[in-house]
1. Please report the relative contact order for the chain, taking Cα pairs under 8 Å with a sequence separation of at least 6, and give it as a percent rounded to a whole number.
2. Let me see the P(r) profile for region 150-223: every Cα-Cα distance counted, bins of 10 Å, each bin given as a percent of all pairs.
3. If each residue's Cβ is checked for other Cβ atoms within 10 Å, how do 1, 80 rank with the fewest at the top?
4. Counting alpha carbon pairs within less than 8 Å and at least 6 residues apart, what relative contact order, in whole percent, applies to region 1-138?
5. Set the Förster distance to 25 Å, then compute FRET efficiency between residue 223 and residue 73 from the Cβ-Cβ distance, nearest 0.05.
6. Counting each pair of different Cα atoms once, what's the Kirkwood radius of region 98-244 in Å, rounded to one decimal?
7. Arrange 14, 46 by Cβ neighbour counts within 10 Å, fewest through most, would you?
8. Where the centroid of each part is defined by its Cα atoms, how far is region 100-138 from region 28-90 in Å?
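Coordinate-derived values only; no laboratory data. Remember, it's a predicted structure, so these values are computed and weren't measured experimentally. With ideal geometry, Cβ positions are generated from the backbone for all residues, glycine too; neighbour counts draw on all protein chains shown.
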Ligand code: ADP
Ligand code: MG
């Protein structure tokens, strides 16, 4: 098991001094090889939960166990992709991606090699020395993916990574991501995808946790049954269908 989240509560103090309960007893586990979906309305606490998993804020109660250890600070091997990649405009694609590796203290040659590989993998080969302003929104988000993948994270946390893109660009990026995932090319072991898009959740996830709001809690868990919609993207499946 990659991640075990047990009875997580989170509240924030409001300006008037009272407490706002945002997460009310969240339990979920992520196994190796799974894409887990968190589907819920805006304000249901999905991003807050990701921040707790990433160790960016502490839970008010409950525990998050990542690879057997309780998360109390940002753990190694957890990377995030956000709705907006927030790239540094004065840095090239390569430099932006290399930043993802800064904390690891690797030799500069290895940093460069790994960044080039991640950029290539995510479909931006040839754009290493481009600046963010020269890229489309979809390409900028690809840089966001490369910056997260370059650390070879055990868990990739994705917070509505496709929701700022136009529908067709989002579809292309989702498909490319899923192709790489099904081919075992991504250097990651598990994914948590936050979304408010039902189709996206069904297409991409193995299990979907439905969040209710005020306060955020899991009201349902859905296992996406076989044949998984993702199978449509599997080349062998495609070949089979063509031969029928
Ligand atoms: P979602 O990602 O599902 O849209 P969020 O986790 O962003 O939801 O927010 C859930 C609730 O928590 C919202 O009401 C939001 O205003 C509140 N919230 C989130 N972060 C903070 C914070 N740092 N301080 C106070 N309130 C917060
Ligand atoms: Mg959010």
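1. Computed over the chain, the figure is 27 percent.
2. P(r) over region 150-223, rounded to whole percents: 17, 49, 30, 5.
3. Least to most surrounded, the residues fall as 1, 80.
4. 20
5. Values: r = 33 Å, r/R0 = 1.31.
Taking R0 as 25 Å, the efficiency between residue 223 and residue 73 is 0.15.
6. Details: mean 1/r = 0.0587 Å⁻¹.
The Cα-based Kirkwood calculation yields 17.0 Å.
7. 14, 46
8. Taking the Cα centre of each part, region 100-138 and region 28-90 sit 23 Å apart.
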